[in-house]
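Have a look at the structure below before the remarks.
The values are calculated or read from the model by the stated rules, or taken from the named source; none is laboratory data. As the structure is a computational prediction, the values presented were derived from the model and not from experiment. Cβ placement follows ideal geometry from the backbone for every residue including glycine, while neighbour counts extend to all protein chains displayed.
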Amino acid sequence: MASSRFVSHVRVWLLVSPLMLCALVPFIQNDAAFEVSDAEQASVSDWIGPASAREAASLANARFDRWFVKSGALQASFAGSDADTALPDAGASEFGRGWMRRFWLTVYRAVYRATVAHHWLLGGFILFAALLNDGAVSRKIRAAGAGFANPVTFHVAAHGLLLCCGLGATALLLPVSLLAHWWTLAVCLVGLFSWRLAASFHVGK
């Protein structure tokens, strides 16, 4: 099981890809690319309301401060590059400080986006449960009629669901504006693949 292709895809999408983005994205030299853009903030305000948008921003700030600033993680990450050295380093320290600054900007933006995405969690869970149930009923009806579902459909649905989860994780770290309506699209896709997964699970005789 641990060496199956599906498990390897889980590792790639939910572990390797986010870690690679955390390491590679800070190499972008443009600090403006790491800000939460006005367009992204405006889309959040349009979809969840100005009051909820302000609450999400405040909550993201509080979480980042509690998890990374007050814990000392942020300060410790700059300790080595801020130390004086007797030998010139050809700008390596400055480069390291720039990379680390952009890394923490990436982390903050991920915290903000995760806080915003939380507003879709309840509705997404209800839709997910409803479509799973509907898909299971469809499976039972098909099985009662001696119907047959191609196992490839189940395989594609499972990997499509995994792809959505992986893209959701990596989207938190992307150095581009992530407009709020993409979360609605993600919830709809997860619901669609969930229905297909339940409708195609062990159908056929």
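Worth a mention:
- Test: residue in the range 126-135 that is modelled with pLDDT of 90 or more and of a type outside the set (G, A, S): yes
- Residue satisfying all of: in the range 17-44; without any contact (Cβ under 8 Å) to a residue 24 or more places away in the chain and surrounded by fewer than 14 Cβ atoms within 10 Å (Cβ to Cβ); nearest to H181 (Cα to Cα) among these: D38
- Any chance G166 is within 24 Å of V107 (Cβ to Cβ), at pLDDT 80 or above and surrounded by 14 or more Cβ atoms within 10 Å (Cβ to Cβ): yes
- Taking every residue in the range 132-145 that is among the hydrophobic types (A, V, I, L, M, F, W, C) and pairing it with any residue that is surrounded by fewer than 16 Cβ atoms within 10 Å (Cβ to Cβ) and not in a helix (DSSP H, G or I), at least 6 positions away or on another chain, yields no pair with a Cβ-Cβ distance below 6 Å.
- Search result, residues across the range 171-199 that are polar (S, T, N, Q) and either assigned to a loop (DSSP other than H, G, I, E, B) or surrounded by fewer than 18 Cβ atoms within 10 Å (Cβ to Cβ) (or both): S177, T184
- Residue among W47, W67 that alone is more than 24 Å from W182 (Cβ to Cβ), under 19 Å from the mean Cα position of the chain (by Cα) and modelled with pLDDT of 90 or more: W67
- Selection within the range 62-72: residues that are surrounded by fewer than 15 Cβ atoms within 10 Å (Cβ to Cβ) and not basic (K, R). The member of this set that is nearest to V116 (Cα to Cα) is A62.
- Qualifying residue in the range 102-119 (condition: on the phi < 0 side of the Ramachandran plot, at pLDDT 90 or above and exposed (fewer than 15 other Cβ atoms within 10 Å of the Cβ)): yes
- Looking across L197, L172, one residue alone is under 27 Å from V7 (Cβ atoms) and either in contact with a His (Cβ under 8 Å, 6 or more places away or on another chain) or at pLDDT below 90 (or both). It is L197.
- L15 in a helix (DSSP H, G or I), among the aliphatic types (A, V, I, L, M) and at pLDDT below 90: yes
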